[in-house]
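Every number here is computed from the coordinates shown, using simple stated rules; none is lab data. Keep in mind it's a predicted model, so treat the numbers as computed, not measured. FYI the Cβ positions are ideal-geometry reconstructions off the backbone, even for glycines, and counts take in every protein chain you see.
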Amino acid sequence: MNITLNGTSQQTGAETLADLLNEMGYADARVATAVNEEFVPAASRTEHRLNDGDRVEIVTPRQGG
Amino acid sequence: MPTYYDTEVASRLMLGTAQYPSPAILAEAFRRSGAGIATVSVRREAGSERAGQAFWDLIRDLGVHVLPNTAGCHSVREAVTTAQMARELFGTDWIKLEVIGHADTLQPDPFGLVEAARILTDEGFKVFPYCTEDLVICEKLVEAGCRVLMPWGAPIGTGLGLNNIYGLRTLRAHFPDLPLVVDAGLGVPSQAAHAMELGYDAVLLNTAVAKAGDPAAMADGFARALVAGRMGFEADPMMPRDMAAPSTPVLGQAFS
């Protein structure tokens, strides 16, 4: 299916958000996630099923003012 | 020292973590500033280099409180979701809430800010709102549950200092017991001293330190200015007057 990951369109075979993080190599990374602008807590990633057209955000700690 | 949501912080300086020439200079600036709080953000993970993890390790080593922001958010929904992600990433319910309303001035959107503050407070966040010095908006933020206010001195990154002394003084008078922090717009230490002399509890800096030629020295300068300004405030300054008043005794002057 086709999703938008961090603003970029891409194909994925991942069925869940946890699968996608594995696919991207972020399984053990310090990241937080949102799908279609809704926060998805880490504990819910395994159950959170992805759908065609989903907009996924994967964020990490960064510098800020 | 200021207390934010029942947490006392042993410094009147909050320092941003962006735009430093190097991580080592960032760490040295923090050390010399004595800052008790570091502001941070959340941004998209890019590639496999795990820059986020390295940055998080650096911040943890600073040994300060972490205040995540919602910088760059222009809508309530973006700000709320960003805050939720930040809470999980950084393990804190503190959030510096920014809802930006204007692209050129980065002026807060007061309506979105109050709405987001209410939503986040209801979700258990401890909201530090980046706001203007507008008294009515600040009252609404307090009604929404904010126990600290962070009015700008001037637009972010300008270094213009305290643009509305009257407004800042009015806020201080109206909220005598609430922590007030000048957030944004400061460029040099004298402006921070001035904020202290107005009775403000703290200032938040980033660009003024990070973009100085010598960030660590500038951080040190701000730290000293905060001490000087606060002492001036606590020492109950004299009232200004228009006409000169001789300080040397007139009585006993020769040739009189």
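Order these by the 10 Å Cβ neighbour count, fewest first: B:H74, B:H194.
Final ranking by Cβ density, sparse to dense: B:H74, B:H194.
Work out the FRET efficiency for B:I165 and B:A27 from their Cβ-Cβ distance, taking R0 = 30 Å, and round it to the nearest 0.05.
That gives a FRET efficiency of 0.30.
If you bin the C-alpha pair distances of the range B:140-192 every 10 Å from 0, what whole percents do you get?
25, 50, 23, 2
How large is ³J(HN,Hα), in whole Hz, for each residue of the range B:19-24 in order, when computed from phi with the Karplus curve 6.51 cos²θ - 1.76 cosθ + 1.60 and θ = phi - 60°, using x for Gly and Pro?
6, 6, x, 7, x, 5
Does the range B:129-255 classify as rounded, prolate or oblate by the C-alpha gyration tensor (a ≥ b ≥ c root eigenvalues; a/c under 1.5 gives rounded; else a/b over b/c gives prolate, otherwise oblate)?
Because a/c hits 1.5 or more and a/b fails to exceed b/c, the range B:129-255 counts as oblate.
Helix-derived [θ] at 222 nm for chain B: sum -39500 (n - 2.57) over DSSP H runs of at least 4, divide by residue count, nearest 500?
About -12500 deg cm²/dmol.
Once you put a point 7 Å from the Cα of B:T105 and another 7 Å from the Cα of A:E23, both along the Cβ direction, what distance in nm separates them?
Label-label distance for B:T105 and A:E23, simple model: 4.5 nm.
What spacing in nm lies between the two simple spin-label points modelled at B:E123 and B:T3, each 7 Å away from Cα in the Cβ direction?
In this crude label model, B:E123 to B:T3 measures out at 2.8 nm.
So for B:W152, B:W56, fewest C-beta neighbours within 10 Å to most, what's the order?
B:W56, B:W152
As a footprinting exposure proxy, order A:E23, B:E28 by other Cβ within 10 Å, with the fewest listed first.
Starting with the residue having the fewest Cβ neighbours, the order is A:E23, B:E28.
Taking the Cα centroid of the range A:15-56 and of the range B:156-190, what is the distance between the two, rounded to the nearest whole Å?
The range A:15-56 and the range B:156-190 have Cα centres spaced 41 Å from each other.
Could you give me the radius of gyration and the Dmax of the protein assembly as shown, taking only the C-alpha atoms into account and expressing both in angstrom?
22.6, 100
Does the range A:6-47 come out rounded, prolate or oblate by the C-alpha gyration tensor, with a ≥ b ≥ c the root eigenvalues, rounded set by a/c under 1.5 and, if not, prolate when a/b is larger than b/c and oblate if not?
It is rounded, given that a/c, with a ≥ b ≥ c, falls under 1.5.
Take the alpha-carbon centre of the range B:198-252, take the same for the range B:68-126, and report the distance between them in whole Å.
Using only Cα atoms to place each centre, the spacing works out to 32 Å.
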